[in-house]
């Protein structure tokens with residue numbers, strides 16, 4: 001079990017920070033990236049992410065920090081997080097094409113952008129089920145691996161994820177206009193509203 005926990009900790013620390021930075025570079029500069037084109041954008045940014053991941057791998061032991069040991073209670077709790085993540089993934093995958101998942105609408109010129117404003121299913125409950133799923137997954141992996149560095153990573157990625165959502169919402173408001181602004185007012189960003197029915 002120790003080898004599995006260590007592998008998960010290293011994988012999370014090497015993959016997630018570059019991936020989070022990928023979207024922080026796309027969203028605020030989407031107009032400029034559209035002039036570059038999707039293929040060149042992905043080649044450039046994926047190459048940068050690979051380099052960043054390799055560099056992070058070189059200092060992986062420093063980053064994961066102290067091992068707090070296998071904790072079966074935390075592993076049991078993490079199973080709830082993984083069940084929630086799976087439920088979210090199954091819900092939003094119904095509505096998203098692969099091109100939308102990888103961000104092609106953000107990188108396509110206005111005349112070529114496809115897609116529609118999603119309001120049905122899970123998108124009628126929260127605006128960002130993908131971010132919610134990523135957060136739940138990140139916490140679940142941190143609980144299973146139980147390394148200090150993973151708990152710090154969760155805390156560091158919370159504001160990064162929030163900023164990324166704000167930047168994405170700005171781009172969506174630009175693309176869909178008042179329809180998106182109305183959607184923002186009626187559907188919460190991450191935490192569902194539970195209303196009592198009469």
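Every number in this text was worked out from the coordinates using simple rules, so none of it is lab data. Remember, predicted model here, so these are calculated numbers, not experimental data.
The reciprocal of the average 1/r between distinct C-alpha atoms defines the Kirkwood hydrodynamic radius, which for segment 39-198 equals 18.1 Å. Kindly identify segment 106-176 as rounded, prolate or oblate by the Cα gyration tensor criterion: order the square roots of the eigenvalues as a ≥ b ≥ c, call it rounded if a/c is under 1.5, otherwise compare a/b with b/c, prolate if a/b is larger, else oblate. Since a/c reaches 1.5 and a/b is larger than b/c, the shape of segment 106-176 is classed as prolate.
The distance linking segment 113-173 with segment 13-30 is 12 Å (Cα centroid to Cα centroid, whole angstrom). When only Cα pairs below 8 angstrom with a gap of at least 6 residues are kept, the chain shows a relative contact order of 34 percent. Per residue of the chain, the DSSP helices (runs of n ≥ 4 H) give a summed -39500 (n - 2.57) that works out to -23000 deg cm²/dmol at 222 nm.
Over segment 56-138, what is the relative contact order in whole percent, taking alpha-carbon pairs under 8 Å and six or more residues apart? Each step should come with its number before you reach the end.
Numbers: 36 pairs, mean separation 33.0, N = 83.
Rounded, it is 40 percent for segment 56-138.
Short to long, the 5 Å bins of the Cα pair-distance histogram for segment 43-102 hold 4, 13, 10, 11, 13, 21, 18, 8, 1 percent of all pairs.
Taking 33, 23, 93 in turn, the Gaussian network model of the chain (Cα-Cα springs below 10 Å) assigns the largest fluctuation to 93.
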